[in-house]
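Below is one structure, written out as structure tokens; comments come after it.
The values are calculated or read from the model by the stated rules, or taken from the named source; none is laboratory data. Treat the numbers as computed from the prediction; the structure is a model and nothing was measured. Neighbour counts are summed over all protein chains in view; Cβ atoms, including those assigned to glycine, are modelled from backbone coordinates with ideal geometry.
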Amino acid sequence: MEKSDPGKNLTANAFAELESGIYAALETYSNVHRGSGHNSIVSTHLYEQAREIVLNYLGLDKSKYTVIFCSPRRAEGMMAKLDPTNYQILSSKDIGLPIGVRALAINKSTLPKGEPLQSGGGTTKMISKEWIIWADAPDRFEAGTPAVINVIAFAIALKMLQQFGKDIFLNPATEKLAAAEILFHDDLEKFSGVELLNELRKTHIGRGVLVPTMQGTTSYINLDNSASTPTFTPVWKAFQQTYRQPAQVRQVLIQEVKTICSEFLGAPLTEYDVIFTSNTTESINLAAESFSRESEDGIEPVVVNTFLEHSSNDLPWRLIPGNSLVRLAINEKGFIDLKDLEALLKSHNKELLHGKKRIRLVTVSGASNVLGICNNLEEISRIVHQYGARLLVDAAQMAAHRKLDLKEWGIDYLALSAHKIYAPFGTGVLVVRKELLRFNPEELELIESSGEENASGIAALGKSLILLKRIGMDIIRKDEQLLTVRALKGLAKVPGIKIFGISNPESPEFASKIGVIVFSMKGMMPNKLATELAIQRGIGIRSGCFCAHILVKRLLHVPPFLEIFQRLIVTIFTGLRLPGLARVSLGLENTEEDVDTLIQMLIKISGKTEKQNDKRASLTFITTTTLTKAEVQKQIDDFVKGIARRVYSE
């Protein structure tokens with residue numbers, strides 16, 4: 001009889017424990033910070049606990065040190081600004097996990113001042129057209145949505161290193177798989193189209209998870225897909241299988257996913273480069289860094305974007321030295337006036353009415369994360385190129401919902417994030433027309449190696465794109481629009497609700513809308529409304545300004561004097577959250593029942609707002625409740641702590 005190898009058994013057990021913890025985190029995954037739903041609260045807690053685990057592993061005092069999680073390249077940039085005696089660094093690569101995480105433990109007193117190396121979502125407290133209030137550390141240095149699940153996985157692994165030894169993950173001793181096996185084969189491969197969509201929904205990780213509410217324990221409903229999307233079993237398996245494979249398999253897989261991205265986006269590899277990053281924000285910062293290196297004698301470059309943009313497609317462009325940023329107006333539904341765009345380009349680049357200023361780049365969102373509309377990229381591109389400029393598209397909100405065709409539409413740069421395409425494992429993509437990046441070969445090699453270190457996240461993205469393609473983007477669009485129609489019609493019946501943007505599903509413009517709806521309720525602040533939905537029925541939405549402060553303030557008609565006052569208030573009261581809107585955003589896992597439950601709860605909540613002047617009304621909000629708000633909040637706290645114990649094996 002062949003004797004078992006204790007070392008192999010120990011490694012197998014370590015991987016099994018690691019994967020059990022990651023899976024538990026995926027069951028309640030959402031974007032971190034600023035979310036009111038159970039999933040966001042849990043993910044935020046797990047992410048912040050990961051910082052403490054890093055400090056404990058390094059034996060550092062958390063009152064003196066903070067932890068910043070970042071990609072390999074961003075870590076290099078941070079370290080270049082620090083004295084080596086003031087930080088320590090941990091790498092997922094060094095412990096044998098190809099998930100692209102760097103943890104920098106930095107002495108708080110030595111953190112760099114001023115603007116961060118990369119700017120965008122999460123790095124600010126508030127912005128206007130002219131000024132920026134930067135967030136406090138560590139948020140200021142973690143631009144864009146962080147690799148939440150990868151960071152949690154890294155923290156789990158660190159705890160296990162202390163238990164099993166530092167080489168426990170270096171030799172997985174697992175069956176070697178071909179890249180094609182990981183990417184193209186799964187339990188659902190016999191399905192396609194609508195049938196695949198229905199079968200895929202059954203594999204939603206987190207489906208049926210029960211959460212505490214005032215009505216008792218109930219299934220969680222995620223309506224916060226614009227912030228981040230959950231995942232499905234085949235995508236998780238691709239992530240899981242990849243970090244167990246040797247380096248040569250991972251390299252083949254990375255190249256295969258470049259081809260998958262190329263085909264999905266209509267960007268032939270003979271004409272476009274596919275660069276993996278950590279998220280959309282890092283991709284746009286990379287494009288901005290490259291653009292900043294361009295120069296023409298006697299020319300002052302101008303970048304044009306719109307009032308529609310996420311801060312990740314605004315801040316990087318306004319921070320380029322010597323660069324001008326011009327914002328195009330939008331109408332109340334979010335559409336650009338193409339005549340205005342052409343007039344702007346013509347006056348700068350043909351009629352030369354602005355001195356040395358020339359528009360060299362137009363950068364627009366493919367779909368708005370606030371109003372949910374898709375501008376006509378093909379027509380925008382035609383106009384942009386007619387006047388000698390280039391086009392960048394922020395496709396973070398679009399790629400999972402609409403077909404894209406870079407070559408056909410003439411798009412020069414495109415950025416997206418895997419965590420908004422059902423692969424929340426820390427990968428982003430920058431697709432760029434060849435010869436446009438202004439980096440020397442050594443720099444480009446470092447850029448590429450930074451993103452490609454997260455081979456597992458890249459595999460998950462590839463798998464997700466394959467599944468979307470097999471379903472068909474037209475089918476996804478039709479299914480989503482049916483749910484959006486149902487939501488809009490239901491919201492129209494709720495007393496006190498005001499919908500912003502396209503609200504009439506019968507309008508011809510509705511064809512240009514994805515499943516994102518923002519609204520307000522008379523008599524109730526959006527953050528309060530989001531909290532009520534969570535504690536009353538376990539519904540997760542998002543509230544606030546959604547990293548699109550300029551747009552939300554315009555929608556709310558915030559006058560200049562009030563904006564100045566808000567700036568003062570935020571500066572003095574650093575923890576204060578200012579008014580915004582409530583947002584519902586639909587994804588593949590959502591059903592008609594989810595939408596109907598949302599509407600029913602909003603109708604109940606609206607009954608409270610009608611009695612807002614009666615102080616007793618707040619005590620009798622829903623007469624059928626079985627728990628007080630204090631009791632359910634205690635249960636939610638226990639729920640969060642219970643999941644943390646499962647994830648981190650405490």
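Of all residues in the stretch 153-178, those being under 13 Å from N13 (Cβ atoms) and buried (at least 17 other Cβ atoms within 10 Å of the Cβ) number 4. Restricting attention to the stretch 479-515 and to residues that are under 27 Å from L200 (Cβ atoms) and among the acidic types (D, E), the residue that is surrounded by the most Cβ atoms within 10 Å (Cβ to Cβ) turns out to be E480. Residues that are of a type in the set (S, T, Y) and either assigned by TED's automatic domain parsing to the domain that holds S128 or more than 28 Å from N313 (Cα to Cα) (or both) within the stretch 503-548 comprise S507, T531, listed in sequence order. No other residue among N454, N504 is out of contact with any Pro (no Cβ under 9 Å at 6 or more places or on another chain) and not aliphatic (A, V, I, L, M) apart from N504. When the stretch 118-168 is filtered for residues that are assigned to a loop (DSSP other than H, G, I, E, B) and either more than 26 Å from L416 (Cα to Cα) or of a type in the set (D, E, K, R) (or both), the ones remaining, listed by number, are K129, E130, W131, D136, E142, G165, K166, D167, I168.
Return the residues of the stretch 385-405 that are of a type outside the set (A, V, I, L, M, F, W, C), assigned to a strand (DSSP E or B) and either within 27 Å of P230 (Cβ to Cβ) or free of Cβ contacts under 8 Å to residues at least 24 places away in the same chain (or both); say none if nothing qualifies. Lay out the reasoning, then the answer.
We begin by selecting, within the stretch 385-405, every residue of a type outside the set (A, V, I, L, M, F, W, C); these are 385-388, 390, 394, 397, 401-403, 405.
Those still in the list that are assigned to a strand (DSSP E or B) too: 390, 394.
Selection gives D394 alone.
In the set (1) assigned by TED's automatic domain parsing to the domain that holds L430; (2) surrounded by 18 or more Cβ atoms within 10 Å (Cβ to Cβ); (3) without any contact (Cβ under 8 Å) to a residue 40 or more places away in the chain, the condition left unmet by D273 is number (3). Per the conditions (1) of a type in the set (K, R); (2) farther than 29 Å from S324 by Cβ; (3) out of contact with any helix residue (DSSP H, G or I) (no Cβ under 9 Å at 6 or more places or on another chain); (4) surrounded by 15 or more Cβ atoms within 10 Å (Cβ to Cβ), the sole criterion not satisfied by K108 is (4). Scanning the stretch 367-424 for residues that are more than 25 Å from the chain's Cα centre (by Cα) and among the polar types (S, T, N, Q), we see that the one that is nearest to L345 (Cα to Cα) is Q386. Among the residues in the stretch 295-310, are any assigned to a helix (DSSP H, G or I) and either not small (G, A, S) or not assigned by TED's automatic domain parsing to the domain that holds P146 (or both)? For the stretch 295-310, residues assigned to a helix (DSSP H, G or I) and either not small (G, A, S) or not assigned by TED's automatic domain parsing to the domain that holds P146 (or both): absent. All of E282, E294, E300 fail the test of being surrounded by 24 or more Cβ atoms within 10 Å (Cβ to Cβ) and either modelled with pLDDT under 95 or charged (D, E, K, R) (or both), apart from E282.
Q240 passes every criterion in (1) part of a helix (DSSP H, G or I); (2) over 22 Å from the mean Cα position of the chain (by Cα) apart from (2).
Determine, yes or no, whether R486 is farther than 26 Å from V252 by Cβ and basic (K, R).
Numbers: farther than 26 Å from V252 by Cβ: yes; basic (K, R): yes.
The answer is yes for R486.
In the condition set (1) surrounded by fewer than 18 Cβ atoms within 10 Å (Cβ to Cβ); (2) under 25 Å from G451 (Cα atoms); (3) out of contact with any strand residue (DSSP E or B) (no Cβ under 9 Å at 6 or more places or on another chain), S63 is compliant with all but (2).
Could you please give the count of residues in the stretch 183-228 that are farther than 20 Å from R470 by Cα, among the charged types (D, E, K, R) and surrounded by 19 or more Cβ atoms within 10 Å (Cβ to Cβ)? The qualifying residues number 1.
Here's the yes/no breakdown for (1) free of Cβ contacts under 8 Å to residues at least 40 places away in the same chain; (2) out of contact with any strand residue (DSSP E or B) (no Cβ under 7 Å at 6 or more places or on another chain):
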| residue | (1), (2) |
| --- | --- |
| P212 | no, yes |
| Y220 | no, no |
| P230 | no, no |
| K237 | no, yes |
| T242 | no, yes |
| L269 | yes, yes |
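Filtering the stretch 311-336 to residues that are under 11 Å from R358 (Cα atoms) and not in a strand (DSSP E or B) leaves only N323.
Where in the stretch 451-546 are the helices (runs of 4 or more DSSP H), entirely inside, with at least 3 residues that are more than 30 Å from P212 (Cβ to Cβ)?
The qualifying helices (runs of 4 or more DSSP H) are 455-471, 473-491.
The number of residues in the stretch 417-450 that are part of a loop (DSSP other than H, G, I, E, B) and touching a strand residue (DSSP E or B) at 6+ places or on another chain (Cβ under 8 Å) comes to 5.
Select from the stretch 264-294 the residues that are of a type in the set (A, V, I, L, M) and either within 17 Å of L361 (Cα to Cα) or assigned to a strand (DSSP E or B) (or both) and list them in ascending order.
Matches in the stretch 264-294: V274, I275, I284, L286, A287, A288.
Does the stretch 579-633 hold any residues that are among the basic types (K, R), modelled with pLDDT of 95 or more and in contact with a strand residue (DSSP E or B) (Cβ under 9 Å, 6 or more places away or on another chain), and which are they? Passing the criteria: only R583. Enumerate the helices (runs of 4 or more DSSP H) found wholly within the stretch 1-97, keeping only those where 1 or more residues are touching a Cys at 6+ places or on another chain (Cβ under 9 Å). Answer list for the stretch 1-97: 72-80. Within the stretch 174-185, at least one residue is closer than 17 Å to R244 by Cα, touching a residue at least 60 places away in the same chain (Cβ under 8 Å), among the basic types (K, R) and not assigned by TED's automatic domain parsing to the domain that holds P316.
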